[in-house]
Each structure stands twice: as C-alpha cells, then as structure tokens.
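Working notes, structure below.
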Amino acid sequence: MNFDGEKPIYLQIAEQIEDAILTEAFPEESQIPSTTEISVTYKINPATALKGINLLVDAGTVYKKRGLGMFVAQGAKKKIMEKRKQDFYDNYIVSLLDEAKKLGISRRELAAMLGGEEEQYE
C-alpha cells in the first residue's frame, strides 16, 4: 500500500484483491478479507476499505453472502484479465503506436523491437 502515491487507497485495495484473484490466492467462490480486516491491517478508515470492495462488487468480481462476508464470483479471474488487457491497450499500446508513428518507426520495426524481449515472457 502506497500512502504517499497519487493513486487513491481504495483503488489500491481493489487492485490488490484483483491481483490476489489473478494469482488464485483468492480462488473463485473463496472468501476475501472483510472491510474490518483490511482496515485494521492497513490502519485505514473502514469506509475506505468498503469503497475499494464496492468497486469489485460493482464490477461483478465479488459478491456478498449475507451474514458470511464477501466472496469471489464465478468468472472473476476472466473478467479481471479482460478488463486489464483493455486497460493495457488503452494506456500503453495506443500511446506506443502514436509515438512510433511520430518517430517514423514502422510496425515491422516495432514488432522486431518487441520480439527481442520475447524469451522473458515464456
């Protein structure tokens, strides 16, 4: 948790839970920490923790079982991956292509540049 960064704490909480779902630390249909547990762990206001969890509820990633707590929804991992892939495209690829165009870098050259790092991702 970066309390000094520009990203709001509630967004960091939502992203950390998403990361845990992606790595299957929280598999589908498993319980996630309560807002109280999160607020005590990070020494933050419970309303801030709730705001982060509510983002996940609104996205259909987690759901509430009355009297039991919050649980990871079926298909949550797939939803998160699709959302993050789109965010990656919007935030990185579009600007990369724009900059390459300004610099006169062809798609072939760009592909060769990207291909040089391929072994890192296998």
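Brief remarks on what is shown
- Arranged from fewest to most other beta-carbon atoms within 10 Å of their beta carbon, Ile32, Ile105, Ile17 become Ile105, Ile32, Ile17.
- Cβ-based exposure ranking for Val72, Val94, in which fewest neighbours within 10 Å come first: Val94, Val72
- Dividing the summed helix terms, -39500 (n - 2.57) for each DSSP H run of n ≥ 4, by the number of residues in the chain produces a 222 nm estimate of -16500 deg cm²/dmol to the nearest 500.
- Its residues counted as N, the chain yields a C-alpha radius of gyration over 2.2 N^0.38 Å of 1.35.
- Across all C-alpha atoms in the range 77-121, the radius of gyration and Dmax reach 12.8, 38 Å.
- The range 10-29 versus the range 64-103: alpha-carbon centroid distance in Å: 12 Å
We did not get these values from a lab; they are worked out from the coordinates using the rules stated. Just so you know, these numbers come straight off a predicted model, no measurement behind them. Neighbour counts run over all protein chains shown; Cβ positions are idealised from the backbone, glycine included.
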